[in-house]
Amino acid sequence: MELVYPPVIGLAKTMFRVLDMRITIEGAEHIPTTGGAVLASNHVSYLDFVFCGLAAQPSKRLVRFMAKQSVFAHRVSGPLMRGMKHIPVDRSAGAASFAEAEAALRRGEVVGVFPEATISESFTVKALKTGAARLARAAQVPLIPMVVWGPHRLWTKGRKKDLTKRHVPVLIKVGPPLPAVEDATWMLRERLGGLLDAVQRAYPEKPAGEGDRWWLPAHLGGAAPLPDPTPA
């Protein structure tokens, strides 16, 4: 029985209504209604998991996210994460986390992964870790790319959080599944980059002034840091 996840979803939806957030989801039909799948998202804010999970609601799926061990060790977030059956990632024992995620996929769960491994401060797609693609290949399940854009205006790395900001648009775009092939990580990064560019250009708001340009990537005229050079 799911005793923790449904109330958390209800609380999140209440927050969306109170803040009058303008949330648009496109491509939710790509998330299967049954069976395992890896949902691989870009990472721009500390709230991304909330919106990635929201994209699975039309398919009536609950997403089990892979998250760093420290989140599970926290006295507040830890019990919630365990109650929602998310998957802890101990980077010193990665094989155990991979095995737990693969087992969840084989049970028919949707597993959420942020393959950049950390928030992208440039708001572009960083070089990806291979885990998402390897998981999909190992469990023989769909690898589904998705992006979120907008929640970084509320809470992101290096900025003071503002969880009371109202009317913030959030765009969520899910792409078709990728084939579970050996070079899927490269394909995933290409697909995430294309999806992210599409939602950034379609975003209905612009910075309010020079001091508000921080939330746009540099290549779109924003003041976010330039991306790190891609490793060879």
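The values are calculated or read from the model by the stated rules, or taken from the named source; none is laboratory data. Remember, it's a predicted structure, so these values are computed and weren't measured experimentally. Cβ placement follows ideal geometry from the backbone for every residue including glycine, while neighbour counts extend to all protein chains displayed.
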Among the residues of region 115-130, is any within 20 Å of T34 (Cβ to Cβ), of a type outside the set (F, W, Y) and either out of contact with any Gly (no Cβ under 9 Å at 6 or more places or on another chain) or modelled with pLDDT of 95 or more (or both)?
no
So which residues in region 131-149 are among the small types (G, A, S), surrounded by fewer than 23 Cβ atoms within 10 Å (Cβ to Cβ) and touching a strand residue (DSSP E or B) at 6+ places or on another chain (Cβ under 7 Å)?
G131
Whichever residue in region 169-209 is among the charged types (D, E, K, R) and touching a residue at least 12 places away in the same chain (Cβ under 8 Å) and, among such residues, is farthest from R159 (Cα to Cα):
E182
Filtered residues of region 1-51 (kept if hydroxyl-bearing (S, T, Y) and touching a Leu at 6+ places or on another chain (Cβ under 9 Å))
Y5, T24, S41, S45, Y46
Search region 139-155 for residues that are more than 18 Å from H30 (Cβ to Cβ) and pair each with any residue that is acidic (D, E) when their beta-carbon atoms are under 7 Å apart and the residues are at least 6 apart or on different chains.
P151/D48; L154/D162
Residues of region 174-210 satisfying the condition of being among the charged types (D, E, K, R) and under 13 Å from R137 (Cβ atoms):
E182, D183
Can you tell me which residue in region 66-91 is surrounded by the fewest Cβ atoms within 10 Å (Cβ to Cβ), limited to those that are of a type in the set (A, V, I, L, M) and not in a helix (DSSP H, G or I)?
V76
Could you pull out the residue among D228, D212 that is farther than 28 Å from A104 by Cα, exposed (fewer than 15 other Cβ atoms within 10 Å of the Cβ) and in contact (Cβ under 8 Å) with a residue 24 or more places away in the chain?
D228
Can you pull out the residues in region 105-130 that are in a helix (DSSP H, G or I), surrounded by fewer than 21 Cβ atoms within 10 Å (Cβ to Cβ) and either acidic (D, E) or in contact with a strand residue (DSSP E or B) (Cβ under 9 Å, 6 or more places away or on another chain) (or both)?
none
Only one of R159, R166, R137 that is touching an Asp or Glu at 6+ places or on another chain (Cβ under 9 Å), among the basic types (K, R) and part of a loop (DSSP other than H, G, I, E, B):
R166
Which of the residues that make up region 155-178 are on the phi < 0 side of the Ramachandran plot and exposed (fewer than 12 other Cβ atoms within 10 Å of the Cβ)?
K160, D162, L163, T164, R166, P176
Any idea which of (1) at pLDDT below 95; (2) over 16 Å from the mean Cα position of the chain (by Cα) is the one K68 doesn't satisfy?
(2)
Does K68 qualify as being basic (K, R) and more than 22 Å from K13 (Cβ to Cβ)?
yes
I'm trying to understand the selection: among the residues of region 24-64, which are of a type in the set (A, V, I, L, M) and surrounded by 22 or more Cβ atoms within 10 Å (Cβ to Cβ)?
I31, A37, V38, L39, A40, V44, A55, A56, V63
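Listed here are the residues, each with its yes/no results for (1) under 22 Å from Y203 (Cα atoms); (2) touching a Ser or Thr at 6+ places or on another chain (Cβ under 8 Å).
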position	(1), (2)
T130	no, yes
A138	no, no
L143	no, no
V147	yes, yes
G150	yes, no
D162	yes, no
K165	yes, no
